[in-house]
Structure formats: C-alpha cells, structure tokens
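The values are calculated or read from the model by the stated rules, or taken from the named source; none is laboratory data. It should be emphasised that the depicted structure is a prediction, and the values quoted were computed from it without experimental measurement. Cβ placement follows ideal geometry from the backbone for every residue including glycine, while neighbour counts extend to all protein chains displayed. Just so you know, the surface numbers come from the protein's heavy atoms only, side chains and all, with ligands and any DNA or RNA stripped out. Shrake-Rupley method; radii C 1.70, N 1.55, O 1.52, S 1.80 Å.
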Amino acid sequence: YQSAQEQAITDGLTSLKTHRFFMQAVDAEWRRSPRSGKPFSLIIMDLDGFKQLNERQGHLEGDKVLTAVARVLEASSRQSNTVARYGGDQFAVLVTEATAEQAQNLAERLRANLNADSYLSSRAVTASFGIGTFPVHGVTPEEIVRVAESGMYLAKHEKGNRVRVASQSPDTST
C-alpha cells in the first residue's frame, strides 16, 4: 500500500513529486502560513528551447534532459522544499518560510547550477524562472501561482535564462 501511495505522488520519469501533490502541498502551506506568520514562495520554471531539443535529438534525449534537470533541482533545494514536475518541461518549487527575495536568491542559484551542469550545458539547456510569494503577490494559492507563471513567461519573453517576478519591471529585477 505504501509503495502504491508513493508511486501515486511521484513522477515516473524524474522521481520528483507530481503536479497534483505539489498543488496539495501549496494548499497546505497556504493554510499554515497565516497561523505561523511566515510567508512562502513558489518558483515555477520552464526549460528554454526544450521543444526544439526534442525535435532535433528525439524524445529519449529529451527525457534524459528532464531527468538531469530534476537531479540538479533536488540537489540544490532544501529538504523542506517541495520540488515537483509541474508538467511537460516545467518544474516548480514550494519554498516554505521564504520571502520573495529569498526565493529569488534560490531561483538564481538553481539557474546557475543548471548552467554549470556539464551535461545540460553541452545541450544548451537553460531555464526561465518566475516567483510568486504569499501574501505579497496574492492571498490565494491561485493568485500566487498566476504571479509565478507570469514571471516565468516574462523571463521567457526576455530571451530566457533569467529569473523574474511579474510584478517587478525588468529594470528593477535581478
């Protein structure tokens, strides 16, 4: 039973948590955060140029890239964070008790670690990151996710391989 339960919340390819588990963890943190008085942040990232990599090198190579990205994200995150495959070539990290600035620092470290990975860099794999923080960027899980996704799309629009918070203008964010 325990093995079946673990399989239900674990992505079969990357061994990260599933999107569904991630959203349940966000909801639980959202309920806990007002009581603890601590903020929490979401980091959502999308791989830059992944579709083209899949088309050029095939889906087996794409799967290897996704697995390598998952390995880097897990190794670069605290155990208290929830790292998940958000869908396709998107990943997400729930950073408990973290301000937007702390999440931005983590996202920059994740970005740098992805860039430093020899396997990923040999395939020119980079990522665009967005950040949303409760309660600064919204008061519901949906609002926080929306801000994080908007930041990710802003980073992609700016040619990728960067971290953005959608509520910040490009000249003031790092």
Residues of type lysines that residue 159 reaches as a straight line, Cα spacing below 19 Å, ignoring anything fewer than 8 places off in the same chain: 51
Size of charge dipole - the stretch 1-111 - debye, nearest 20, with Cβ of Lys, Arg +1 and Asp, Glu -1, no other charges: 300 debye
Accessible area expressed per residue, the stretch 1-119, with surrounding protein chains retained (probe 1.4 Å, Å²): 53 Å²
For the stretch 32-174, size of Cβ-based charge dipole, Lys and Arg +1, Asp and Glu -1, in debye: 200 debye
Rounded to whole Å, sorted largest first: equivalent-ellipsoid semi-axes of the chain, Cα gyration tensor: 25, 21, 13
Gain on full stretching of the segment that runs from residue 10 to residue 140 - 0.36 nm per residue minus C-alpha separation: 44.3 nm
Positive-end residue, the chain charge dipole about Cα centroid, Cβ charges, pick of 125, 5, 145: 5
Ratio of the Cα radius of gyration of the stretch 89-174 to 2.2 N^0.38 Å, where N counts its residues: 1.07
The stretch 3-82 - Debye-derived log10 I(q)/I(0), Cα point model, q = 0.14, 0.17, 0.21 Å⁻¹: -0.61, -0.83, -1.09
222 nm mean residue ellipticity, helices alone, for the chain (DSSP H n ≥ 4; -39,500 (n - 2.57); rounded to 500): -16500 deg cm²/dmol
Separation of alpha-carbon centers, the stretch 1-64 and the stretch 89-106, rounded to whole Å: 13 Å
Distance in nm between pseudo-label sites at residue 24 and residue 63 (7 Å out along the Cβ direction from Cα): 2.6 nm
For the stretch 36-132, alpha-carbon Rg relative to the globular expectation (2.2 N^0.38 Å, N residues): 1.09
